[in-house]
Amino acid sequence: MLLRLYTFIIIGLLISSCGEDTSDLDVFFKLEYGDTPLVMLNEYEYPGGQTIKFTRFSFYLSDINVSDGSESQLIKDVDFLNLTNSHSRPELASTGYRLNLEDISIKDPTDVSFNIGVDPDLNATIPADYSGDHPLAKPGEYWIGWSSYIFFKIEGIMDTTGDGDTDTNIALHIGSDAMLRPVRVDMPESSEKIDIMIDVKEIFENTNGLYDITMDPQIHSLNQVSQAEFLINNFQIQLQ
């Protein structure tokens, strides 16, 4: 009886010790348009002068790691982030989308790293390979023609003529192994969370030029690689 009691005490201490050795980290993704939080279906001026409303913003992350500069820990192999609902109202947009990274064993992490998109090994799979709520079990996030998951989506509606009526559907869907982009984000000092601000306006225009959205309001073709690269490269810059 006494031996059994000692065994329970030791197991309890081990469990307690394990819990104390791990921590969680919240990463908040916040969409902006210029200097204001982005809210779905609000009107914004596109850099080319047109009026645009956004209806969706989503993307995949893969190989999510936490590091202290010398040691790295894989937290998630893949995750799907849909920021649409978290930016449907102003009060939600000010908080952003919360990605919770759990069971971090590294004591003093200095940075978080991940890929925009799905790494090639996982990208060689298809939604039918998964079940339930697995991030890769989403048939609507897969391109059969490209044999790839859709790494990054921006959708919306636009008034291209200035008459007050939306006349163009925006569907910028980016995928394929060539579009995978690495990102590393430094941990702020004395903080248990990271805020990542994403200026959607600068995804469309920065020092590299302006995306001609009237010429390519939709990306669905392998012939649009240069357009896709322009947007994914600018998105990568926003996440770092």
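Can you tell me which residue within region 67-120, out of those that are among the polar types (S, T, N, Q) and assigned to a strand (DSSP E or B), is most open to solvent (accessible area, probe 1.4 Å)?
First, pick out the residues of region 67-120 that are among the polar types (S, T, N, Q): 67, 70, 72-73, 82, 84-86, 88, 94-95, 100, 105, 110, 113, 115.
Applying the additional criterion that residues be assigned to a strand (DSSP E or B) yields 67, 72-73, 82, 100, 113, 115.
Details: S67: 18, S72: 74, Q73: 37, N82: 52, N100: 33, S113: 34, N115: 27 Å².
That would be S72.
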**OP:** For I52, indicate whether it is among the aliphatic types (A, V, I, L, M), in contact with a Gly (Cβ under 8 Å, 6 or more places away or on another chain) and in a strand (DSSP E or B).
**Re:** yes
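Could you tell me which of the residues I126, I150, I157 is at pLDDT 95 or above and either hydroxyl-bearing (S, T, Y) or more than 23 Å from H87 (Cα to Cα) (or both)? Show your work before the answer.
Working: I150 fails: either hydroxyl-bearing (S, T, Y) or more than 23 Å from H87 (Cα to Cα) (or both); I157 fails: either hydroxyl-bearing (S, T, Y) or more than 23 Å from H87 (Cα to Cα) (or both).
None of the other options fit; the residue is I126.
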Original post:
Name the pairs whose Cβ atoms lie under 9 Å apart, with the first residue in region 171-193 and closer than 16 Å to V78 by Cα, the second part of a loop (DSSP other than H, G, I, E, B) and open to solvent by 80 Å² or more (accessible area, probe 1.4 Å), and 6 or more positions between them or separate chains?
Top reply: D177/A124; V183/Q240; R184/Q240
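To keep it simple, each residue is scored yes or no on (1) surrounded by fewer than 11 Cβ atoms within 10 Å (Cβ to Cβ); (2) at pLDDT 95 or above; (3) of a type in the set (F, W, Y).
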{"position": "R4", "(1), (2), (3)": "yes, no, no"}
{"position": "I10", "(1), (2), (3)": "yes, no, no"}
{"position": "L13", "(1), (2), (3)": "yes, no, no"}
{"position": "T22", "(1), (2), (3)": "no, no, no"}
{"position": "V27", "(1), (2), (3)": "no, yes, no"}
{"position": "D35", "(1), (2), (3)": "yes, no, no"}
{"position": "M40", "(1), (2), (3)": "no, yes, no"}
{"position": "E45", "(1), (2), (3)": "no, yes, no"}
{"position": "Q50", "(1), (2), (3)": "no, no, no"}
**OP:** Output the residues belonging to region 153-204 that are open to solvent by 60 Å² or more (accessible area, probe 1.4 Å) and under 19 Å from P37 (Cβ atoms).
**Re:** K193, D195, M197, K201, E202
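May I ask you to verify whether D133 is of a type in the set (D, E), open to solvent by 70 Å² or more (accessible area, probe 1.4 Å) and more than 30 Å from D21 (Cα to Cα)? First the steps, then the outcome.
On the way: of a type in the set (D, E): yes; open to solvent by 70 Å² or more (accessible area, probe 1.4 Å): yes; more than 30 Å from D21 (Cα to Cα): no.
Taking the combined requirement at face value, the residue does not satisfy it.
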Subject >> Hits in region 136-147 - residues which are buried (at least 16 other Cβ atoms within 10 Å of the Cβ) and either touching a residue at least 60 places away in the same chain (Cβ under 8 Å) or more than 16 Å from L81 (Cα to Cα) (or both) >> reply: E141, W143, W146
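The values are calculated or read from the model by the stated rules, or taken from the named source; none is laboratory data. Worth saying up front: this structure is predicted, and the values here are computed from it rather than measured. Neighbour counts are summed over all protein chains in view; Cβ atoms, including those assigned to glycine, are modelled from backbone coordinates with ideal geometry. These area figures cover heavy atoms from the full protein model, side chains too; ligands, DNA and RNA do not enter into them. Shrake-Rupley method; radii C 1.70, N 1.55, O 1.52, S 1.80 Å.
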